[in-house]
Amino acid sequence: MIKVICNASPVIGLIGIGKLSLLWELFDEVIMPEAVYKEICAGNRTSEIALIVDAIKNGHIKVITIRGKDMADLLYGKLHKGELETVIGAKEDSDINFAIIDEKAARSFAATMLVDTLGILGILSHAKAKGLIEAVRPYLDKLIENHYRISDALYNRVLKRENEL
């Protein structure tokens, strides 16, 4: 069983490319900390909110309250609340295999906490390997079109690894 906990950016990125369902198609249990849920629901993201609420209602995503809120409050400012709750939540639940995070600073913090991470590009690679998508390139291009930050070096490295160059 593969259990993951998600930060907001990868979830929003997957929504933007129409592939939020990859989370529950690839992983057995998908967890979202309360701070991440609130972050996604803040602002004018009506369609994103509807998709998340629907995924929660259908049991695809489970929203949790972490026990280490004091630690998240203490560290707030170095990272966003959602990033902190994602890493702390992964640490609190030893059954979680990966924290799904894209931001470099948050991944670095996760590494110091001995939490394995996976990003949206890794999700796309896994989806291709499982036959859920035919190619990674169209989704990388759509992410970039949606202003998702992917360096040229990373873009090319992923395409080379996926034999799509």
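The values are calculated or read from the model by the stated rules, or taken from the named source; none is laboratory data. For clarity, every value in this text was computed on a predicted model and none was experimentally measured. A quick note on method: Cβ atoms are made from the backbone with ideal geometry, for glycine too, and the neighbour counts reach across all protein chains shown. Keep in mind that these areas ignore ligands, DNA and RNA; they rest on the heavy atoms of the full protein, side chains included. Shrake-Rupley method; radii C 1.70, N 1.55, O 1.52, S 1.80 Å.
Sort 134-143, 98-107, 68-77 for me by packing, meaning the mean count of neighbouring Cβ atoms within 10 Å per residue, highest on top.
98-107, 134-143, 68-77
What dipole magnitude, in Debye to the nearest 20, does the chain give about its Cα centre under +1 on Lys/Arg Cβ and -1 on Asp/Glu Cβ?
Charge dipole, the chain, about its Cα centre: 220 debye, nearest 20.
Quantify, in whole percent, the carbon and sulfur part of the accessible surface of segment 25-165 (1.4 Å probe; protein heavy atoms only). Please report the intermediate quantities before stating the final value.
Working: 4170 of 8270 Å².
About 50 percent, which is the carbon plus sulfur part of the accessible surface.
Of Lys62/Lys142; Lys78/Lys130; Lys57/Lys81; Lys3/Lys104; Lys91/Lys142; Lys19/Lys91, which pairs sit farther than 30 Å apart, going by alpha carbon to alpha carbon?
Those over the limit are Lys78/Lys130; Lys91/Lys142.
Per DSSP H run of at least 4 residues, take -39500 (n - 2.57); add these up for the chain, divide by its residues and hand me the 222 nm value, nearest 500 deg cm²/dmol.
-15500 deg cm²/dmol
Once you compute Rg and the Kirkwood Rh from C-alpha atoms, what is the Rg to Rh ratio for segment 1-144?
Ratio value, two decimals: 0.94.
Expressed as an acute angle from 0 to 90° and rounded to the nearest 10, what is the orientation of the C-alpha long axis of helix 81-92 relative to the principal long axis of the chain?
Around 80 degrees separate the two axes.
Show the residues, 5+ positions off or on another chain, whose built amide H is closer than 5 Å to the amide H of Cys6.
Result for Cys6 returns Ile31, Met32, Ile100.
Could you give the angle, 0 to 90 degrees to the nearest 10, between helix 152-161's Cα long axis and the longest principal axis of the Cα atoms of the chain?
70
Tell me, what is the per residue accessible area of segment 85-165 in Å², probe radius 1.4 Å?
That works out to 57 Å² for each residue.
For segment 123-149 and segment 65-106, write down the distance between their C-alpha centroids in whole Å.
Centre-to-centre distance over Cα atoms comes out at 25 Å.
Given Cα pairs under 8 Å that are at least 6 residues apart, what percent is the relative contact order of segment 18-165?
18
Within the set of other residues whose C-beta is less than 15 Å from the C-beta of Leu51, count the net charge using Lys and Arg as +1 and Asp and Glu as -1.
Around Leu51, the surrounding residues sum to -1.
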